[in-house]
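Trainee: So that we are looking at the same thing, I have put the structure below in structure tokens.
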Amino acid sequence: MIQEFFDFIGQNQGPLSLLFSLIVTVSTVVYAILTWRLVSETQKMRKMQIEPKISIILQPCEEWNAFVDLVIQNIGLGAAYDVSFAVEPDFTCELGQPLSQVGIIKNGLKYLAPGQKYQFFLISTADKFDELKNNPFSIHVIYKDCIKEEYADTFFIDFGQFDGMSQVGTAPLHKIAQSLERLQKDINNLSTGWKKMQVIAYTPEDVERERNKR
């Protein structure tokens, strides 16, 4: 049996060598592809660790959802450098100031750390919601990562997303603040003498008489 096997190999040495060479070649190609994919995934992961991602959104205030803030935040894993903004068309804030002239929008940011955010009051939608939702605008932002690669994003700011939304109840933090304010007023009233606390004092003799009555 063993001799027959070796005889078979000897008789078919050429085709078998070709088959083994083909197997080695295919294995090498597969290994090269897997190695390339691994290197590519590693490069993507390293890039994600330094890649910033700026987000710009509208956010209603907890106290009253008619008050709307503009929130600018770096939600990426890397820091953002040389951040610049452009508003198109320009938007008029609550006090009549153009958004393009607000400090952070006008001057930009030299550095925005991962997770860092800027939040400021933009406008009250009370009595002018229909006007606002029919006049959306865009904010363009350009920034760089730590290796000076440039990124550009455009955020469509649309007040229509709040259409039909209503607020029920009071925000927990606001309720706590109101309770603390009432408590402070009560303490001040006691200290200033506006309201006097009734105090019933007992002497040792009074306590003893009460015991004897039982």
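Trainee: What pairs come out if I take residues in segment 124-149 that are under 18 Å from residue 90 (Cα atoms) and pair them with residues that are among the aliphatic types (A, V, I, L, M) and part of a loop (DSSP other than H, G, I, E, B) whose C-beta lies under 9 Å away, six or more apart or interchain?
Mentor: Matching pairs, first to second residue: 124/66; 125/66; 129/66.
Trainee: Could you list, in sequence order, all residues of segment 76-118 that are part of a loop (DSSP other than H, G, I, E, B) and in contact with a helix residue (DSSP H, G or I) (Cβ under 7 Å, 6 or more places away or on another chain)?
Mentor: Correct list: 77, 78, 90, 91, 93.
Trainee: Cβ-Cβ below 6 Å, separation at least six or inter-chain, first residue in segment 49-64 and assigned by TED's automatic domain parsing to the domain that holds residue 80, second assigned to a helix (DSSP H, G or I) and surrounded by 13 or more Cβ atoms within 10 Å (Cβ to Cβ): which pairs?
Mentor: Partner pairs satisfying both residue conditions: 63/174.
Trainee: Tell me which residues, restricted to segment 119-162, are closer than 19 Å to residue 62 by Cα and surrounded by 15 or more Cβ atoms within 10 Å (Cβ to Cβ).
Mentor: 122, 123, 124, 125, 129, 159, 162 - these are the residues of segment 119-162 that are closer than 19 Å to residue 62 by Cα and surrounded by 15 or more Cβ atoms within 10 Å (Cβ to Cβ).
The values are calculated or read from the model by the stated rules, or taken from the named source; none is laboratory data. Here the structure is a predicted model, which is why all the values come from computation and not from measurement. Virtual Cβ from ideal backbone geometry, glycine too; neighbours counted across all protein chains shown.
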